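Here's the structure, in structure tokens; my notes come after.
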Amino acid sequence: DTAVSQTPKYLVTQMGNDKSIKCEQNLGHDTMYWYKQDSKKFLKIMFSYNNKELIINETVPNRFSPKSPDKAHLNLHINSLELGDSAVYFCASSQVSQNNEKLFFGSGTQLSVL
Amino acid sequence: GENVEQHPSTLSVQEGDSAVIKCTYSDSASNYFPWYKQELGKRPQLIIDIRSNVGEKKDQRIAVTLNKTAKHFSLHITETQPEDSAVYFCAGSHGTYKYIFGTGTRLKVLA
């Protein structure tokens, strides 16, 4: 009964391919996020969704398309993968409406683009 | 734009000594400052947080201090242990949907 779960844990693929990462949270939170952690360990927000609505898009290339079918799920689809997309992608959730900003992270997806 | 600077990038201490990590934020609207610990290959996890109406908060061996005027906040770990070795991230947010994380500090506690 992991709070924030994302799949797959590892993703190895060729340049130019399209791939998806799935995320689900069972905490009843209203906000979900995608973060990218590069090889230098920098954590950068990519997207945030509140109740299925896109709130933040941090100048991420439009090859990245998040989709939130309901507030418990936030999936990330990446088209035409590039070498520079290699990183660890973390999904996270929080309950912003109750002024409880604590982020709960998923276990991460290590994406390697060859 | 919004920015959180974090220093040092790496820190080595002897077991039992104290460790201090410092952050500076630029967005004066920030009112929530969490600290996350990320062990090797694991997810970041919250270890302590502080709100802008509080100057200091302690939880056993860890403490956080906040100087709103100077826009500085710091993490203090006393009596360090090998299991404290990890990457630590500070962050700032103003209650909306966006954290700005610092660049991380790799702490090594030498036995």
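Of (1) over 25 Å from B:G102 (Cα atoms); (2) in a strand (DSSP E or B); (3) within 11 Å of chain B (Cβ to nearest Cβ), A:K102 satisfies all except one. Which?
Answer for A:K102: the failing condition is (1).
I need the strands (runs of 3 or more DSSP E) fully contained in chain B, keeping only those with at least 1 residues that are buried (at least 19 other Cβ atoms within 10 Å of the Cβ).
B:4-7, B:19-25, B:32-38, B:45-51, B:62-67, B:72-77, B:86-92, B:105-110
Give B:L46, B:L40 a once-over and let me know the one that is within 12 Å of chain A (Cβ to nearest Cβ), of a type in the set (A, V, I, L, M, F, W, C) and touching a strand residue (DSSP E or B) at 6+ places or on another chain (Cβ under 7 Å).
Result of the check over B:L46, B:L40: B:L46.
Give me a count of the residues in segment A:83-99 that are part of a helix (DSSP H, G or I) and either more than 14 Å from every other protein chain (Cβ to nearest Cβ) or surrounded by 13 or more Cβ atoms within 10 Å (Cβ to Cβ) (or both).
Looking only at that region, the number is 4.
Could you look through segment B:55-111, keep only residues that are under 21 Å from A:K102 (Cβ atoms), aliphatic (A, V, I, L, M) and touching a residue at least 40 places away in the same chain (Cβ under 8 Å), and pick out the one that is nearest to the other protein chains (Cβ to nearest Cβ)?
Per the stated criteria, the residue is B:V87.
Could you check segment A:41-69 and list, in sequence order, the residues that are over 13 Å from the mean Cα position of the chain (by Cα), more than 7 Å from every other protein chain (Cβ to nearest Cβ) and of a type in the set (K, R)?
A:K52, A:R63
Considering only segment B:76-99, state which residues are under 17 Å from B:I47 (Cα atoms) and of a type in the set (V, I, T).
B:I77, B:T78, B:T80, B:V87
Pick from A:S39, A:S68, A:S80: which is assigned to a loop (DSSP other than H, G, I, E, B), of a type in the set (S, T, Y) and over 21 Å from B:R43 (Cα atoms)?
Of A:S39, A:S68, A:S80, the one residue that is assigned to a loop (DSSP other than H, G, I, E, B), of a type in the set (S, T, Y) and over 21 Å from B:R43 (Cα atoms) is A:S80.
Modelled with pLDDT under 95 and under 30 Å from B:T10 (Cα atoms): which single residue out of A:V60, A:V88, A:V4, A:V113 fits that description? Steps first, please.
Details: A:V88 fails: modelled with pLDDT under 95; A:V4 fails: modelled with pLDDT under 95; A:V113 fails: modelled with pLDDT under 95.
Every option except A:V60 fails the conditions.
The values are calculated or read from the model by the stated rules, or taken from the named source; none is laboratory data. It should be emphasised that the depicted structure is a prediction, and the values quoted were computed from it without experimental measurement. As a convention, Cβ positions derive from the backbone with ideal geometry for all residues, glycine included, and neighbour counts pool all protein chains shown.
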